[in-house]
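J.: One structure is given below, represented as structure tokens, and several questions about it will come after.
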Ligand SMILES: *Cc1c(COP(=O)(O)O)cnc(C)c1O
């Protein structure tokens with residue numbers, strides 16, 4: 001049996017919730033979408049939530065709501081999924097990357113401060129910065145938030161990995177240090193809707209705009225109409241929006257899954273702690289945790305010392321795969337993707353991201369992973385050391 005790096009759990013309660021929607025009058029954007037939105041907003045302690053069909057869509061409408069357009073600059077981390085950068089490109093903006101912190105692998109607030117100082121001198125400051133909470137560990141939002149005030153940029157947190165995580169004792173998604181935060185509900189993430197995303201914000205104007213953008217830019221709200229209503233059929237399109245709506249089927253699944261969010265994150269924390277113990281005194285760098293964070297541990301990323309283990313990153317991956325452990329690498333630095341490389345990025349500007357990419361391995365991490373499977377994963381990983389029986 002193979003062990004994936006991540007997978008969902010679907011319970012009888014989830015199935016019941018979905019079946020109820022299928023037997024109801026509304027399959028899309030009915031009563032379950034606002035129920036799911038409220039569950040997410042209340043969990044995060046944030047004023048509003050807008051559910052859409054993916055985090056990619058949420059990132060796109062978040063950029064649009066913040067006015068990102070042609071000629072603007074958006075900065076993000078190179079160690080992320082391509083969607084964190086693509087959202088800016090959809091708006092016609094240029095993308096640049098800020099190198100990562102060598103301990104957390106998140107966007108480095110120090111490198112950001114340096115880059116901003118240089119950008120100010122050349123008059124090319126970013127309009128929006130998108131920090132990504134890699135693996136579920138929050139970025140240094142206090143420092144990034146202070147820089148946003150100093151330099152006048154907006155912040156979208158790509159919290160796709162981080163629902164259920166905490167920062168300075170508050171839920172990630174409270175938007176204390178940001179304008180908008182985005183969550184993903186893809187099946188490998190912490191909780192799932194099948195496909196889905198949510199954008200949260202405390203700004204009612206941004207919320208209203210994102211609600212319109214997910215549905216063609218159309219509104220029926222009397223407050224938002226620019227002309228008197230011409231009848232009960234009347235609606236107005238105010239912007240060029242999209243069909244990014246979430247279905248009620250997905251929302252019902254999401255609302256049901258939210259009930260188990262804390263349980264899932266606790267199990268992920270427990271698995272992370274067990275991995276830490278299993279790797280103690282081994283030439284394997286385990287995920288360092290900043291004291292300000294409580295990670296949702298979407299991923300458990302290790303950096304083996306391949307020299308000490310007399311092996312290579314590629315060999316370890318091949319060995320794990322051959323033994324049914326579907327380890328993965330999150331992520332190939334985005335500037336290395338042919339689409340972005342064609343824009344002229346120089347990997348020498350991102351030494352920490354390069355080093356990370358040459359060492360990182362994401363090990364299986366999901367609530368249904370058993371303690372026994374976890375030990376098996378560690379044994380398979382350590383085999384190159386020649387310690388067949390390390391326990
Ligand atoms: C998964 C992911 C996304 C995209 O999420 P979708 O819901 O699949 O569109 C964006 N950013 C990061 C960091 C992700 O991990």
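J.: Quick test of your reading of the structure: residue 211 fulfils all but one of (1) in the same structural domain as residue 23 (by TED's automatic domain parsing); (2) surrounded by 16 or more Cβ atoms within 10 Å (Cβ to Cβ); (3) touching a helix residue (DSSP H, G or I) at 6+ places or on another chain (Cβ under 7 Å). Name the failing condition by number.
T.: Single failed check for residue 211: (3).
J.: So, one more: I need the strands (runs of 3 or more DSSP E) fully contained in the stretch 42-124, keeping only those with at least 2 residues that are within 13 Å of the ligand (Cβ to nearest atom) and over 30 Å from residue 285 (Cα atoms).
T.: In the stretch 42-124, the matching strands (runs of 3 or more DSSP E) lie at 48-52.
A quick yes/no check of all residues on (1) under 13 Å from residue 112 (Cβ atoms); (2) within 16 Å of the ligand (Cβ to nearest atom):
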residue	(1), (2)
148	yes, no
156	no, yes
160	no, yes
165	no, yes
176	no, no
181	no, yes
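J.: Search the stretch 217-233 for residues that are on the phi > 0 side of the Ramachandran plot and pair each with any residue that is in a loop (DSSP other than H, G, I, E, B) when their beta-carbon atoms are under 8 Å apart and the residues are at least 6 apart or on different chains.
T.: 217/238; 217/239; 217/240; 217/241
J.: Residue 243 is checked against (1) within 16 Å of the ligand (Cβ to nearest atom); (2) surrounded by 16 or more Cβ atoms within 10 Å (Cβ to Cβ) and fails just one. What number does that condition carry?
T.: Single failed check for residue 243: (2).
J.: Do the conditions hold for residue 98, that is, is it more than 23 Å from residue 198 (Cα to Cα) and surrounded by fewer than 21 Cβ atoms within 10 Å (Cβ to Cβ)? Before the answer, list the steps.
T.: Numbers: more than 23 Å from residue 198 (Cα to Cα): yes; surrounded by fewer than 21 Cβ atoms within 10 Å (Cβ to Cβ): no.
For residue 98, the condition - more than 23 Å from residue 198 (Cα to Cα) and surrounded by fewer than 21 Cβ atoms within 10 Å (Cβ to Cβ) - is not met.
J.: Further, regarding this structure: On the given criteria, is residue 200 touching a strand residue (DSSP E or B) at 6+ places or on another chain (Cβ under 6 Å) and not in a helix (DSSP H, G or I)? Step through it out loud before you land on a result.
T.: Values: touching a strand residue (DSSP E or B) at 6+ places or on another chain (Cβ under 6 Å): yes; not in a helix (DSSP H, G or I): yes.
So residue 200 fits the description; yes.
The values are calculated or read from the model by the stated rules, or taken from the named source; none is laboratory data. Since we're looking at a predicted model, the values are computed, not measured. FYI the Cβ positions are ideal-geometry reconstructions off the backbone, even for glycines, and counts take in every protein chain you see.
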